[in-house]
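**Q** Let me give you the structure first, and then I'll get to my questions.
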Amino acid sequence: MTDLAIVGLGSMGSATAWAATRQGLSVVGFEQFELGHERGASHDTSRILRHSYHTPHYVGLTFHAYDAWERLEADSGVHLVTRTGGVDLFPPNAAIDMSTYTSSLDAHAIPYELIDDVHARWPVFTPPEGTIGLYQERSSIVPAALGTATMQRLARERGAQLRDRTRVEAILPGPDSVTLVTSAGTYSADRVVVTADAWTAELIRPLGWDIPLTVTEEQITYVDVPTDYFDIPLWIWMDDPSFYGFPCYGEPTMKAAEDCGGPVVTGDHRSGELDAAMLDRLMGFLRSNFAGIGEPVRSKRCLYTLTADRDFVLSPVPGHERVTVGLGAAHGFKFAPAFGEMLTALALGETTDPVFALDRPGITDPNYAPAWLV
Ligand SMILES: Cc1cc2nc3c(=O)[nH]c(=O)nc-3n(C[C@H](O)[C@H](O)[C@H](O)COP(=O)(O)OP(=O)(O)OC[C@H]3O[C@@H](n4cnc5c(N)ncnc54)[C@H](O)[C@@H]3O)c2cc1C
């Protein structure tokens, strides 16, 4: 019998296959589309890896994230982490409280710098007077599609069977194993990890757990910029609406986007087309707060899958402990290699972190007010 079956081979599922095979487990993974497709949440060029977070709990977890990327780089021989530094920008009366970030970094003695004249430091930034920059030098870019494909390659080299274009239709836990009914036959495994992001709720509901998830269709845009943008740090605008962006990464464009700005959709029903209103909002923001902004070059859509508290799900399904769920709540890529290690450990019976458990108010309380601005 296969030790571990994985449902969904985006970054989380591929990371679990990588981590589990490194521990000598036999693995079979299922992906409904082709590997590397662009209909989920793990495609395109880049994602942000950072220490700066809004709680000490998350900041603590970022150490595991950095270490796991280092393990993946060592294991693959591929350069994956590009350090650029990162600046969180807090305009006057920002909707996000800077002290939640400074106190969380202080709790782990992580150095940072508060910059009260961001324009003087990086002349292309032209934010309103009084904007404070929280600069952390270890913030980095990690490659989304390349990182995911690297974990798939290593898992396969260690014997994992990764089956794409194979949709899991049902998960049937039994006393000694779990049966998966797929579009290409039925399989059994000792344990199952579900990393299906936007499609998670429909897969878990038959197990008696209704996970209230909101799926939105986000949009990132590459904008033509002068070469000064090669030397800027990653940036996050800590207000409502919130935006974020990357220095030039392999091309003379700045990638930028709004956080949680997209329409509510489902995994199977979304447009995939350019959203002109989202583009206007983004370009308006960029032209107000940056110098030398040119025309948009291209845009891409991508899915966010949000829990109400925007905390991850890293948890066995209560009552069905052979089935473990992993969900990144639209900020999980930086943790992907670490999640692979954590989900493998959870599947093997390790204790669940209550912050990420399924039976928590952010999941079980129908009146829980969504809190996505972090
Ligand atoms: C625009 C954007 C920007 C982001 N920026 C950042 C960032 O800077 N830093 C960061 O840390 N995170 C970021 N994120 C979040 C991060 O990308 C996601 O949390 C992460 O990629 C989720 O990975 P996943 O493997 O869970 O999801 P996915 O990549 O969506 O994988 C789920 C897979 O499951 C498959 N699947 C679903 N149902 C089935 C089934 N029944 N049978 C078989 N296969 C199935 C799907 O086809 C899919 O391939 C961003 C996300 C977006 C959209």
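**Q** Normalised by the number of residues in region 195-273, what is the relative contact order in percent for Cα pairs under 8 Å and 6+ residues apart?
**A** On the way: 116 pairs, mean separation 26.1, N = 79.
Dividing the mean separation by the residue count of region 195-273 yields 33 percent.
**Q** Give me, ordered by chain and number, the residues 5 or more places off F290 or on other chains with an amide H under 5 Å from its own placed amide H.
**A** Distant-sequence amide H within range of F290: T126.
**Q** Separate question: Along each of the three principal axes of the Cα atoms of region 247-291, give the extent in whole Å, ordering the values from largest to smallest.
**A** Principal-axis extents of the Cα atoms in region 247-291, largest first: 37, 25, 16 Å.
**Q** For the Cα atoms of the chain, what angle does the longest principal axis make with the long axis of helix 276-289, in degrees from 0 to 90, nearest 10?
**A** Taking the Cα atoms of the chain, the angle to 276-289 is about 40 degrees.
**Q** What is the spin-label model distance, in nm, from V355 to E137 if the labels are put 7 Å beyond Cα along the C-beta direction?
**A** For the pair V355/E137, the computed spacing is 2.6 nm.
**Q** Now for a separate question. Quantify, in whole percent, the carbon and sulfur part of the accessible surface of the chain (1.4 Å probe; protein heavy atoms only). All intermediate terms of the calculation are to be shown ahead of the outcome.
**A** On the way: 7520 of 14430 Å².
The value for the chain is 52 percent carbon and sulfur by accessible area.
**Q** May I ask for the angle, rounded to the nearest 10°, between helix 11-22 and the longest principal axis of the chain, with both axes built from Cα atoms and the value confined to 0 to 90°?
**A** 60 degrees
**Q** First check a/c for region 11-65, with a ≥ b ≥ c the square roots of the eigenvalues of its C-alpha gyration tensor; if it is under 1.5, answer rounded, and if not, answer prolate when a/b is larger than b/c or oblate otherwise.
**A** Details: a/c = 3.12, a/b = 1.38, b/c = 2.25.
It is oblate, given that a/c is not under 1.5 and a/b is not larger than b/c.
**Q** Using the heavy atoms of the protein chains alone and a 1.4 angstrom probe, what is the accessible area of the chain per residue in square angstrom?
**A** Details: 14430 Å² over 374 residues.
Accessible area per residue, the chain: 39 Å².
**Q** Normalise the Debye intensity by I(0) for region 95-192, one equal point scatterer per Cα, no solvent, then take log10 at q = 0.22, 0.24 Å⁻¹ and round to two decimals.
**A** Ignoring solvent entirely, the Cα scatterers give -1.22, -1.29.
**Q** Then there's this: Stretch E321-E34 to full length: gain in nm at 0.36 nm per residue minus the Cα-Cα span? Numbers along the way, then the final one.
**A** Working: separation 287, 0.36 × 287 = 103.32 nm, distance 2.92 nm.
That works out to 100.4 nm of additional length.
**Q** While we're looking at this one, here's another question. Distances longer than 15 Å among the Cα atoms of region 265-360: what percent of all pairs is that?
**A** 71 percent
**Q** So between H108 and D67, what do we pick up on full extension, going 0.36 nm a residue minus the alpha carbon distance? Show your work: numbers first, answer last.
**A** Numbers: separation 41, 0.36 × 41 = 14.76 nm, distance 1.56 nm.
Roughly 13.2 nm would be gained on extension.
**Q** Something else: Take the Cα of Y368, step 7 Å along the line toward its Cβ, and report every residue of region 327-356 whose backbone nitrogen sits under 17 Å from that point.
**A** Taking a point 7 Å out along Cα→Cβ of Y368, the residues of region 327-356 whose backbone N falls under 17 Å are 327-332, 352-356.
**Q** Which FRET efficiency value, to the nearest 0.05, do you get for D75 and S288 by plugging their Cβ-Cβ distance into 1/(1 + (r/R0)^6) with R0 = 41 Å? Don't skip to the answer; put the middle values down first.
**A** Working: r = 44 Å, r/R0 = 1.06.
With R0 = 41 Å, the Cβ-Cβ based efficiency is 0.40.
**Q** Continuing with the same structure: How many angstrom separate the Cα center of region 151-167 from the Cα center of region 262-307?
**A** Result: 32 Å between the Cα centres.
**Q** Express as a percent, rounded to the nearest 5, the fraction of DSSP beta bridges in the chain (both residues included) that run antiparallel.
**A** On the way: 54 of 74 bridges.
Of those bridges, close to 75 percent are antiparallel.
**Q** Continuing with the same structure: Residue separation times 0.36 nm, minus the C-alpha to C-alpha distance between E202 and D240: what's the value? List each step's numbers first, then the result.
**A** Working: separation 38, 0.36 × 38 = 13.68 nm, distance 3.10 nm.
Computed gain between E202 and D240 is 10.6 nm.
**Q** Continuing with the same structure: Dividing the Cα radius of gyration by the Kirkwood radius, what Rg/Rh value follows for region 102-253?
**A** 1.10
**Q** Moving on to the next point. When the scattering of region 19-117 is computed by the Debye formula from its Cα atoms alone, each counted once and equally, what is log10 I(q)/I(0) at q = 0.16 Å⁻¹?
**A** One equal scatterer on each Cα of region 19-117 leads to -0.95.
**Q** Against the globular-protein guess of 2.2 N^0.38 Å, express the Cα radius of gyration of the chain as a ratio, rounded to two decimals. Intermediate values should be presented prior to the final figure.
**A** Working: Rg = 20.4 Å, N = 374, 2.2 N^0.38 = 20.9 Å.
Here the answer is 0.98, to two decimals.
**Q** Compute, for the chain, the length of the dipole vector about the Cα centre, with Cβ point charges of +1 (Lys, Arg) and -1 (Asp, Glu) only. Units Debye, rounded to 20. Walk me through the numbers on the way to the answer.
**A** Working: 27 positive and 48 negative charges, 183 e Å.
Here the chain has a charge dipole of around 880 debye.
The values are calculated or read from the model by the stated rules, or taken from the named source; none is laboratory data. All of these numbers come straight from a predicted model, not from anything done at the bench. Neighbour counts are summed over all protein chains in view; Cβ atoms, including those assigned to glycine, are modelled from backbone coordinates with ideal geometry. Side chains included, ligands, DNA and RNA excluded: accessible areas come from the protein's heavy atoms. Shrake-Rupley method; radii C 1.70, N 1.55, O 1.52, S 1.80 Å.
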